[in-house]
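Worksheet for the structure shown next.
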Amino acid sequence: MPSARGSRSGPAPKLGFVRRFGRTQRALHWVHAAAFFVLLATGVVLWLPALSVWVGRRSLVKEIHVWTAVAWAAAIALIIVSGDRKGLRADWREIERIDRDDRRWLLGRRAPQGRFNAGQKLNAIVTTAFALLFAASGVLLWLAVRDSRFRWDGPIVVHDALTLMSLALVLGHLYLALVHPTTRHALRGMTLGDVREDWARKHHPKWIEENERQTGV
């Protein structure tokens, strides 16, 4: 049975399934997702005056927002330091590699895909960039409350724009993960770690072929 490159942690997949994500990748995903929704909810309350008045206790909401961001950063760092760094590096190398088939896929043409299709690669790159920009602008906003030298419009404009773009991105992500019939099976990979081999062979044939070459199957 082939196993996914970069997904080395965890038990062997069941018969008819192939390992797609290990514990480290799944922990990163779910920590980021949980923090994102808490930050989004509290951020919207802080952003919209009417909602802020309705919810009340704005200072508490702000504290939750700030400390969730701190916990998110600490948890991400801990997972990376203590987890499968070799697998994460392999994942990122694959995500960064946009080949001819990926470019064809992005143009709407049929093209075989690897473990990450071109859309998933772009999503990972954009999500990472957004996370770094959120963190940087958030730190500047936090400093601005304490030091007038940091009070300028740039960080809040960036933070607000990122919120709107991230909301659009996550809605599309949720649709593909929960609703779309050909892609929602991928959610199993991020919850249990494995996916059906027949599904992977159909939607990610280059990944399966590479696994078979590596294992001699």
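Would you work out the charge dipole size for the stretch 19-86 about its Cα centre, treating the Cβ of every Lys and Arg as +1 and the Cβ of every Asp and Glu as -1, and quote it to the nearest 20 debye?
Computed about the Cα centre, the dipole is about 320 debye.
Could you work out the relative contact order of the chain? I mean the mean sequence separation of Cα pairs under 8 Å and 6+ apart, divided by the number of residues, in percent.
After rounding, I find 29 percent.
How high is the FRET efficiency between residue 192 and residue 148 when r is their beta carbon distance and R₀ equals 45 Å, given to the nearest 0.05?
0.30
Name the most mobile residue of 77, 186, 50, meaning the one with the largest mean-square fluctuation, in a Gaussian network model of the chain with Cα contacts below 10 Å.
Highest fluctuation of the listed residues: 50.
Hey, what do the phi angles of the stretch 135-148 turn into as Karplus ³J(HN,Hα) couplings, whole Hz, using 6.51/-1.76/1.60 and θ = phi - 60°, x for Gly and Pro?
With coefficients 6.51, -1.76 and 1.60, one gets 5, 5, 5, x, 4, 5, 5, 5, 5, 4, 5, 9, 8, 5 Hz.
Kindly state, to the nearest 0.05, the FRET efficiency for residue 75 paired with residue 14, given R0 = 30 Å and r defined as their beta-carbon distance.
0.55
Using a 10 angstrom Cβ neighbour count of at most 15 plus a DSSP loop assignment to flag exposed trypsin sites (Lys or Arg not before Pro), which longest range of the chain is free of such sites?
Segment 15-56 is the longest.
Could you calculate the contour length gain from residue 93 to residue 107, that is, 0.36 nm times the residue separation minus the distance between their Cα atoms, to one decimal place in nm?
Gain on stretching residue 93 to residue 107: 2.8 nm.
Choose one answer from 183, 24, 191: the residue with the largest mean-square fluctuation in a GNM of the chain with alpha-carbon springs under 10 Å.
Comparing 183, 24, 191 in a Gaussian network model of the chain, the most mobile one is 183.
Which lysines does residue 121 reach when only Cα atoms under 16 Å apart count, and residues fewer than 8 places away in its own chain are ignored?
Partners within reach: 206.
Can you list the chymotrypsin sites (Phe, Trp or Tyr not before Pro) in the stretch 115-217 that are in a DSSP coil and have 16 or fewer other beta carbons within 10 angstrom?
For chymotrypsin sites (Phe, Trp or Tyr not before Pro) across the stretch 115-217 that sit outside H, G, I, E and B with at most 16 neighbouring Cβ atoms in 10 Å, the list reads 152.
Mind giving me the FRET efficiency for residue 86 and residue 53? R0 is 41 Å, r the Cβ-Cβ distance, nearest 0.05 is fine.
0.25
Computed from the coordinates by the stated procedures, all read-outs in this text should not be read as laboratory data. As the structure is a computational prediction, the values presented were derived from the model and not from experiment. Here the Cβ is made from the backbone with ideal geometry for all residues, glycine too, and neighbour counts use every protein chain on show.
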